[in-house]
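The structure appears right after this line, and notes come after that.
The values are calculated or read from the model by the stated rules, or taken from the named source; none is laboratory data. Given the structure is predicted, the values throughout are model-derived calculations rather than measurements. When we count neighbours, we look across all protein chains shown, and the Cβ atoms used for this are built from the backbone with ideal geometry, even at glycine. What goes into the accessible areas is simple: the full protein's heavy atoms, side chains included, and nothing from ligands, DNA or RNA. Shrake-Rupley method; radii C 1.70, N 1.55, O 1.52, S 1.80 Å.
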Amino acid sequence: MRDYNMNAPIRSLVTLLVLSLSGLFGWAAPAAPSRPNILFIMTDDHAAHAISAYGSQVNQTPQLDRLAREGMRFDRCFAVNSICTPSRATILTGKYSHINGVTVFNRIDGAQPNVAKYLQAAGYYTGLLGKWHLGSDPTGFDKWAVLPGQGAYFDPDFLVPEGRTQIKGYATDIITDLAIDFLKNRPKDKPFFLMCHHKAPHRNWQPDEKHKAMFAGKVIPEPATLRDNYEGRTDALHENKQRVFYDLTRNDLKLEPPTDLTGPARNQWLNVKPTEVEITVLGQKKLLTGEELNAWKYQRYLQDYLACVQSVDDNVGRLLDWLEAAGLRENTIIIYTSDQGFFLGDHGLYDKRFMYEPSIRMPFIVRWPGVIKPGSTTDAITINPDFAPTFLEAAGLPVPVDMQGRSLVSILQGRRPTDWRHSFYYRYYHDPGDHNTRAHYGVRTETHKLIYFWKKDQYELYDLRNDPGEMHNLYSDPAQQGVVAELRAEMLRLKKELKDDDQFADKMPTNGGVDGPFPDKQRIPPRVL
Ligand code: CA
């Protein structure tokens, strides 16, 4: 490893030399690097309501709270298409799915511009480590090592420019190690832009032993809407298949297959959605069914999910400690977010996709010493297309006119522009698709939400002030027809402004899947990346 740190006498000599040359030739010595470093930490499926800084009722996240205490917490940050691959494409390009072409689990066209390319061209040293899930090789990054597809929690393979290699250990620890190595070995004469993307806490929620033990047997409070019976809602909730009580598999619930089962038979056993489960309590076997089984399934799901989150929290702390010890605290913007939210039993669901709050709401916490007032919050409506413009403005670069988001820098400075948005447009396409979630689009304002399931021609309307849990569909209420008309007009206005002309309404993109098998990648020996 190269050591870039000059010792004090040499540094003094260099300073003296620079000052002398400045005097001789009349130019100013370059100031300390003013362009900030940008460290973007993103997890996969980490709901804001599983972060104690956001008021979580189910866990404590001291390291993320530390970031919020020293920075700004965004309370209304939303994904515009709440699934992994589209959200990642939107974050990179600053554009909606129908513009960047990634509406479902299809490969990104890496030839298009992205925020990393702009930053790299402006002199940033750029890196991407961890979950990618966009199918093609990353572009715009000086260094990258990504999980193939979803990747594995234990002893994961990584794709690197030279091939495919395996690293032993637990994914969240490894990705943090890679991030620290990237920072240690970066060229010190350039600012850096690092996207550190964790796999956790994506399904099937496999914690390491240490964090699993922290949650084993712990009783997690149930959300108020766990037993939502979907009364008054459209067909979509009734038809969905991401229900905690009915759709978690034996694999999700970490049930052990009989030892004599192997190969496809073993997988078949693991993929069953069990209607009865035998557990052992204090040495006694007990058969769980019905409501008792439902409650047990919720606990098993949340225990594993939260244990995965706890490892993320520890590792964010480890990365923050390293940065601070390396003297990088002051000039580094640190962002913590997740590619979307997640249902933690809310409306009886796991997963995301739907336009309901737990799914679309992203945690978004930013620390930027000297710019952000510590411990501040904002309720400005912000969206994931805003991230790329924010990075560019922070780096002193112009925001390309074709990016559809808006820079958050003024909000970070505590000055919300008077013309800031009061609504945003959402669209989900993957239908037919996983979990049988029906395609929809809609608008969310500061007070209301209108959702249109276009293949069904059915609507849902929620008053978020009086019904933050989104339990009462007011669409057919005669008293609400004025609100419906206003929201429909706003939805169509945004749809037109964003140039969504329904080009992907009835067809899936043809540019392939994102889950491998990546045959072009030759296996290379395990090594330090
Ligand atoms: Ca995700």
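Hand me the list of strands (runs of 3 or more DSSP E) wholly inside the range 113-168 holding 2 or more residues that are among the hydrophobic types (A, V, I, L, M, F, W, C).
125-130, 143-146, 157-160
Does any residue of the range 181-193 turn out to be in contact (Cβ under 8 Å) with a residue 24 or more places away in the chain, at negative phi, in contact with a Cys (Cβ under 9 Å, 6 or more places away or on another chain) and open to solvent by 30 Å² or more (accessible area, probe 1.4 Å)?
The answer is no, given that none of the residues of the range 181-193 is in contact (Cβ under 8 Å) with a residue 24 or more places away in the chain, at negative phi, in contact with a Cys (Cβ under 9 Å, 6 or more places away or on another chain) and open to solvent by 30 Å² or more (accessible area, probe 1.4 Å).
Residues in the range 229-250: is at least one open to solvent by 50 Å² or more (accessible area, probe 1.4 Å), touching a Phe, Trp or Tyr at 6+ places or on another chain (Cβ under 6 Å) and in a helix (DSSP H, G or I)?
yes
Across the range 59-87, which residue is farthest from Phe518 (Cα to Cα) among those that are within 13 Å of the ligand (Cβ to nearest atom) and outside any helix (DSSP H, G or I)?
Ala79
Report, by residue number, each residue of the range 40-58 that is surrounded by 24 or more Cβ atoms within 10 Å (Cβ to Cβ) and either free of Cβ contacts under 8 Å to residues at least 60 places away in the same chain or away from the ligand (no atom under 14 Å from the Cβ) (or both).
The answer is Ile41, Ile51.
Sort out which residues of the range 454-482 are open to solvent by less than 40 Å² (accessible area, probe 1.4 Å) and assigned to a strand (DSSP E or B), and write them in order of number.
Residues satisfying the conditions are Tyr459, Glu460, Leu461, Tyr462, Asp463.
If we scan the range 228-244, do we find a residue that is under 18 Å from Asn294 (Cα atoms), within 16 Å of the ligand (Cβ to nearest atom) and within 23 Å of the chain's Cα centre (by Cα)?
Yes, the range 228-244 contains a residue that is under 18 Å from Asn294 (Cα atoms), within 16 Å of the ligand (Cβ to nearest atom) and within 23 Å of the chain's Cα centre (by Cα).
Is it the case, given these coordinates, that His211 is part of a helix (DSSP H, G or I), at negative phi and in contact with a Ser or Thr (Cβ under 8 Å, 6 or more places away or on another chain)?
The answer is yes for His211.
Which strands (runs of 3 or more DSSP E) does the range 298-403 wholly contain that include 3 or more residues that are surrounded by fewer than 22 Cβ atoms within 10 Å (Cβ to Cβ) and more than 16 Å from the ligand (Cβ to nearest atom)?
Output list reads 376-378.
Would you mention how many residues in the range 88-103 are within 26 Å of His49 (Cβ to Cβ), within 16 Å of the ligand (Cβ to nearest atom) and either part of a loop (DSSP other than H, G, I, E, B) or touching a Ser or Thr at 6+ places or on another chain (Cβ under 9 Å) (or both)?
The number of residues fulfilling the criteria is 4.
Looking at this structure, is Ile167 more than 16 Å from the ligand (Cβ to nearest atom), open to solvent by less than 10 Å² (accessible area, probe 1.4 Å) and touching a Phe, Trp or Tyr at 6+ places or on another chain (Cβ under 8 Å)?
Spelling it out, it is not the case that Ile167 is more than 16 Å from the ligand (Cβ to nearest atom), open to solvent by less than 10 Å² (accessible area, probe 1.4 Å) and touching a Phe, Trp or Tyr at 6+ places or on another chain (Cβ under 8 Å).
Can you spot a residue in the range 281-295 that is open to solvent by less than 10 Å² (accessible area, probe 1.4 Å), outside any loop (DSSP other than H, G, I, E, B) and among the β-branched types (Val, Ile, Thr)?
no
Starting from the range 259-280, keep only residues that are in the same structural domain as Tyr246 (by TED's automatic domain parsing), then list their pairs with residues that are of a type in the set (A, V, I, L, M, F, W, C) and open to solvent by 90 Å² or more (accessible area, probe 1.4 Å) whose Cβ atoms are within a distance under 8 Å, requiring at least 6 positions of separation or different chains.
Listed by first residue and then by second, the contacts come to Glu276/Leu287; Val277/Leu287; Glu278/Leu287.
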